[in-house]
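Heads up, the thing below is written out as structure tokens.
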There are 2 protein chains.
Amino acid sequence: MVVSMDTTFNVDHVFAALADATRRDIVLRALDGSEGVVELAGHFQMSFAAVQKHVAVLERAGLISKERSGRRKVVRTNMEALRLARGLLDEYESLWRGRIDRMTDLITLSKETEA
Amino acid sequence: MVVSMDTTFNVDHVFAALADATRRDIVLRALDGSEGVVELAGHFQMSFAAVQKHVAVLERAGLISKERSGRRKVVRTNMEALRLARGLLDEYESLWRGRIDRMTDLITLSKETEA
DNA sequence: CATGGATACAACCATATGGTTGTATCCGAG
DNA sequence: CTCGGATACAACCATATGGTTGTATCCATG
């Protein structure tokens, strides 16, 4: 499934990007778009380049973007993308819930049969 | 972050498990727990063993489980885990939204400054 | 316009992932 | 108890990921 937006973005990439604690933390920290990659890297144990790579993954997923600010490039969470990602999860969730709902009685029945 | 449940489950694993279209499809198909791995595999192009591996990933993430049913082992989506996963996403979303909300005026201000 | 801080990128390594084929085990049906 | 269908697992391969260090580029500042 592909959700259209500024930069078309990929469900696989979004979930994959979120499947790492460091990256989820970066998304949080970048919400106010006040830090460059150096500052971000300061919060973690790993090397600067490693953080750069994580940032690249998030960027590829469309979850963050970088913009020049004076001498630095500031990392900012893409709120639009975040909302879209969220909507995406909602879609799946409702799909799932839909099926779950349609199934509830069957399950309840079978549970009672088991007992 | 670790959410306690029947089998303690890992955010990284959950997101990673969802970062693949085949696996998301399996989660859907396994909601009614009517198919074994062979039947599931029938829906995809890849080999049986490949599907088995995907199932294993989902199982490790706690999103599905297998239970014997006669000669077969039936794959069933773990609804509890699904709801927990969903709750997890909600948690993140509210965290994010919280920050976003607290930030809205600042952003609006800066936007106006830009204009 | 030269310097240096910030960023980018390349090469390298270890491990994980996603796929294959092949073989082994398990267990209900007959 | 044997047979065969369903499942499991091992070995292998290609590629991706997450980390490292080192080098190159970029550009605002002084």
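The values are calculated or read from the model by the stated rules, or taken from the named source; none is laboratory data. Everything numeric here is computed off the predicted structure, so don't read it as measured data. Glycine also receives a Cβ, built like all others from the backbone with ideal geometry; neighbour counts cover every protein chain displayed. For accessibility, only protein heavy atoms count, side chains too; no ligands or nucleic acids. Shrake-Rupley method; radii C 1.70, N 1.55, O 1.52, S 1.80 Å.
Other chains' Cβ within 10 Å of A:79-91 residues: what's the mean?
3
Non-local amide H neighbours of A:ILE64 (under 5 Å, H modeled in plane, Pro and chain starts lacking H): which ones?
Result for A:ILE64 returns A:GLU59, A:ASN78.
Among B:47-53, B:10-16, B:28-34, how do they line up from the highest to the lowest mean number of other beta-carbon atoms within 10 Å?
The peptides rank, most packed first, as B:10-16, B:28-34, B:47-53.
Report the Cα centroid-to-centroid distance between the range B:1-80 and the range A:79-101 in angstrom, as an integer.
The range B:1-80 and the range A:79-101 have Cα centres spaced 19 Å from each other.
If you average over every viewing direction, what projected area does the convex hull of the Cα atoms of the range A:1-97 give, in nm²?
Numbers: hull surface 25.4 nm².
Across all orientations, the range A:1-97 yields a mean hull projection of 6.4 nm².
Work out the mean other chain Cβ neighbour count within 10 Å for the residues of A:12-24 and drop it here as an integer.
On the way: counts 6, 1, 3, 9, 5, 2, 9, 11, 4, 4, 0, 2, 7.
So the per-residue partner count for this stretch is 5.
Enumerate the calculated ³J(HN,Hα) couplings along the range B:21-35 in order (Karplus 6.51 cos²θ - 1.76 cosθ + 1.60, θ = phi - 60°), each rounded to whole Hz, writing x wherever the residue is Gly or Pro.
Values, residue by residue: 4, 4, 5, 4, 5, 4, 4, 4, 5, 8, 4, 8, x, 9, 10 Hz.
How would you order B:73-86, A:70-83 from highest to lowest mean count of nearby Cβ atoms within 10 Å?
Top to bottom by mean Cβ count within 10 Å: B:73-86, A:70-83.
I'd like the FRET efficiency for A:GLN45 and B:GLU39, computed as 1/(1 + (r/R0)^6) with the beta carbon distance as r and R0 of 35 Å, rounded to 0.05.
After rounding to 0.05, the efficiency reads 0.15.
Give, ordered by residue number, each residue of the range B:25-69 whose 1.4 Å probe accessible area is reduced by a minimum of 10 Å² on adding the remaining protein chains to the chain alone.
B:VAL27, B:LEU28, B:LEU31, B:ASP32
A:LYS73's amide H: which non-local residues (gap 5+, or another chain) put their own amide H closer than 5 Å, with H modeled 1.01 Å from N in plane and none for Pro or chain starts?
For A:LYS73, the qualifying residues are A:VAL37.
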